[in-house]
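What follows is calculated from the coordinates using simple rules that are stated; it is not laboratory data. Note that this is a predicted model, so its numbers are computed, not measured. In this analysis, Cβ positions are derived from the backbone assuming ideal geometry, glycine residues included, and neighbour counts consider all displayed protein chains.
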Amino acid sequence: MSEFILETRGLTRAFKGFVAVSGVDLRVRTGHIHALIGPNGAGKTTVFNLLTKFLIPTDGQILFDGIDITAEHPAQVARRGVVRSFQISAVFPHLSVRDNVRIGLQRKLGTSFQFWRSARSLDRLNEEADGLLEAVGLRAQAEELTVNLPYGSKRALELATTLALDPRLMLLDEPTQGMGREDVSRVTELIRKVAADRTVLMVEHNMNVVAGLCDVITVLQRGQVLAEGPYDRVAADPRVVEAYMGSSDAVLEGHHG
């Protein structure tokens, strides 16, 4: 297994003359929680779209576990264990909480949406699904219709469905967006827990979350890497402070302790 599970070399994406991502070198160490931060329009979501192959790079390389995956399709990359959790809660609202997780487990087994499988195989999925729900604190809500869950619980369920796909690298796109303080704390702890034996790359605006959770932070500005390192070093970098001045996205001074 590589020291760096994910590496980009000169990653670039241009749209009709506008360069959204320009020459980004990113190295995500296996087992780390790595944050991608930057003001709005810095290119963070474009980088995620390039990594999951929803966009094709104009130039540069993407390596996963030392293998060049630049030309691979989204499904191939997902099968390697790169799983993205979307900014908008991606769950089925009119299925039960358990069924949402079961769909993720069926995808992994390659039996997606075969609802007429034997009771025994579905029971096995139920046990596994309930284990994942236990991990994110939703075991008691297993039978509940997902549409009835509060927002923070929906995000916790989304983490469970992401885990159902057995990811080696979890890409979390603003996991605490739109949450109150209590939900932010809960989801932060969940990420810490599920990252214990996985690698996480996350885009996050909440600097308290980033400061408390992440081993390494890469700061993007106008599609380029502005700074990289642990939180304290990045937060003290005058270029980073300047990039965030006058920006309502994030307050680097917000973290104490």
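What to note about this one:
- The chain: relative contact order in percent, alpha carbon pairs under 8 Å with at least 6 residues between: 26 percent
- Karplus-derived 3J(HN,Hα), 6.51/-1.76/1.60, for each residue of segment 125-132, Hz, glycine and proline x: 5, 4, 4, 5, 4, 5, x, 5
- SER22 sits among other residues whose Cβ lies under 10 Å from its own Cβ, and their net charge, with Lys and Arg +1 and Asp and Glu -1, is +1.
- As a proxy for reagent exposure, ranking MET179, MET202 by other Cβ atoms within 10 Å from fewest up yields MET179, MET202.
- Surrounding net charge for LEU172, when Lys and Arg each add one and Asp and Glu each subtract one, Cβ distance under 13 Å: +1
- Under-5 Å amide H pairs with ARG84, H placed in peptide plane, nonlocal only: LEU171
- Dipole moment magnitude, nearest 20 debye, the chain about Cα centre, only Lys, Arg, Asp, Glu C-beta charged: 620 debye
- The chain, helix-only ellipticity at 222 nm - DSSP H runs n ≥ 4, -39,500 (n - 2.57), divided by all residues, nearest 500: -10500 deg cm²/dmol
- Taken one residue at a time, the phi angles of segment 187-194 give Karplus couplings (6.51, -1.76, 1.60, θ = phi - 60°) of 5, 4, 5, 4, 4, 4, 5, 6 Hz. Gly and Pro are set to x.
- Each of TYR231, TYR151 has some number of other Cβ atoms within 10 Å of its Cβ, and from fewest to most they run TYR151, TYR231.
- Ranked by how many other Cβ atoms sit within 10 Å of their own Cβ, fewest first, the residues LEU165, LEU36 fall in the order LEU165, LEU36.
- Pairs of Lys in the chain closer than 27 Å at Cα, counting only those 8 or more apart or on different chains: 10
- Expressed to the nearest 5 percent, the antiparallel share of DSSP beta bridges inside the chain is 55 percent.
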